[in-house]
1. Return the total of residues in segment 97-122 being crowded, with 20+ Cβ neighbours inside 10 Å and either in a loop (DSSP other than H, G, I, E, B) or in contact with a helix residue (DSSP H, G or I) (Cβ under 7 Å, 6 or more places away or on another chain) (or both).
2. Working only within segment 50-94, note down all residues that are crowded, with 21+ Cβ neighbours inside 10 Å and polar (S, T, N, Q).
3. Is there any pair linking a residue in segment 31-50 that is more than 20 Å from P88 (Cβ to Cβ) to one that is of a type in the set (D, E, K, R) and in a loop (DSSP other than H, G, I, E, B), with Cβ under 8 Å and at least six apart or on different chains, and which?
4. Exactly one condition in (1) outside any helix (DSSP H, G or I); (2) over 17 Å from the mean Cα position of the chain (by Cα) is not met by A217; state its number.
5. Mind checking whether some residue in segment 40-61 is assigned to a loop (DSSP other than H, G, I, E, B), under 17 Å from the mean Cα position of the chain (by Cα) and not hydrophobic (A, V, I, L, M, F, W, C)?
6. Within 21 Å of V100 (Cβ to Cβ), out of contact with any strand residue (DSSP E or B) (no Cβ under 6 Å at 6 or more places or on another chain) and crowded, with 21+ Cβ neighbours inside 10 Å - does that describe any residue in segment 37-49?
7. Looking only at residues that are of a type in the set (D, E) and more than 16 Å from F199 (Cβ to Cβ) in segment 135-185, which one is surrounded by the most Cβ atoms within 10 Å (Cβ to Cβ)?
8. Collect the residues in segment 123-134 that are outside any helix (DSSP H, G or I), among the hydrophobic types (A, V, I, L, M, F, W, C) and more than 16 Å from T101 (Cβ to Cβ), keeping them in residue-number order.
Amino acid sequence: MTAQFLAAEALHGLPHGFFTRRGGVSAGRFASLNCSLSGHDDPAAARENRARAMRALDLDPASLSGLHQVHGVDVVTVEAPIPPGQGPKADGLVTNRPGVTLGIVTADCGPVLFADRDAGVVGGCHAGWRGAIAGVLESTIAAMERLGARRDRIASVLGPCIRQPSYEVGPDLRAALLEADPQGERFLAPGAREDRWQFDMAGLIVARLRAAGVGTAAALPNDTLAEEESFFSHRRRTLEGGGPIGHQLSAIALPG
C-alpha cells in the first residue's frame, strides 16, 4: 500500500504532502505509517515508513530532513539533507535548495507548510499552542525572507491537527493564551465542564498567519483526534490512559 497523504491546492505544483497514518509497515499502537524516529517504534519500521512517504512524493528518501522538536520558536536554514535522527533542537526549517525535503512530525499539533514559488523558498514548522503563541510561525516567515522570500507571496497551509470540538483545555492554557494575546478569548468556547474551554488552535494559527501578512493562509479541515483511522493523536492517547504513540509526517520540497 502506498503511503497516503493529503495535498493542498495553495501548494499545487510543489512536491508536498500531509501524510496520514495509512500505508506504512509499523504495528500495534504505531500502525502503520509512523514517521517519528524518537519514539519506541522499531527504528527500521520508522525508517521504511519515511522512505515510503518520500517515494509517494517522487522524492529521494535521503533528502528528508527533520528536527528535534521542542515547542519553541527556533528555525533552521537547511542547505543539505540532515541525516536521520540528527536534527537540531528547533521547530521550524526553511530552504532554497532543490534536493532538500523539509519534514515536520505531529500528533495533534499543527504542521504548517510554506512556499514562495517565485523566490524558490519553502518552509515548514511545528506549531502547537505553545509555539504558536510564542511566535514560531512568524519566525519561520522571517527565516524565509532572509532567503529572498517575500511574505505577501508566501502561501501557507495548516495541515491536520486537533480541532476545537476535540480540544478541551483548562485555566492554565487559557491564562497563557490571554497573556500572549489580549483578544485570545475569541479562540475559546465554553466547555462541557465548569472551568473548561474548547480551544480553537487552528483558528489561532490561521489568524496569526494572516496577521503576519502572508499571501495565503489556508487550513485543511481534518481533526486528528476525531479521525482515529487516519491520524495519530496525543490527546486520544492521553484519554485512553497513555502508552506509546506514532506521529504523522508533513513534508515539502522544491522541484528538482
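No value in this document is a laboratory result; all are computed from the given coordinates. Treat the numbers as computed from the prediction; the structure is a model and nothing was measured. Here Cβ is always computed from backbone atoms with ideal geometry, including for glycine, and neighbour counts include all displayed protein chains.
1. In the first step, residues of segment 97-122 are kept if they are crowded, with 20+ Cβ neighbours inside 10 Å; the result is 100-116, 121-122.
If we keep only those that are either in a loop (DSSP other than H, G, I, E, B) or in contact with a helix residue (DSSP H, G or I) (Cβ under 7 Å, 6 or more places away or on another chain) (or both) as well, we get 100-101, 107-110, 112-116, 121.
Here the count works out to 12.
2. Scanning segment 50-94 gives S63, S65, Q69.
3. Taking only residues 6 or more apart or on different chains, the pairs are A31/R21; S32/R21; S32/R22; L33/R21; L33/R22; N34/R21; N34/D41.
4. (2)
5. No, segment 40-61 has no match at all.
6. Taking every residue of segment 37-49 in turn, at least one turns out to be within 21 Å of V100 (Cβ to Cβ), out of contact with any strand residue (DSSP E or B) (no Cβ under 6 Å at 6 or more places or on another chain) and crowded, with 21+ Cβ neighbours inside 10 Å.
7. To start, the set of residues in segment 135-185 that are of a type in the set (D, E) comprises 138, 145, 152, 168, 172, 179, 181, 185.
Still in the running and more than 16 Å from F199 (Cβ to Cβ): 138, 145, 152.
Details: E138: 20, E145: 16, D152: 10.
Applying the filter and picking the extreme gives E138.
8. The first filter runs over segment 123-134 and keeps only residues outside any helix (DSSP H, G or I), leaving 123-128.
Pick out the ones that are also among the hydrophobic types (A, V, I, L, M, F, W, C) and you get 125, 127.
Result: A127, single match.
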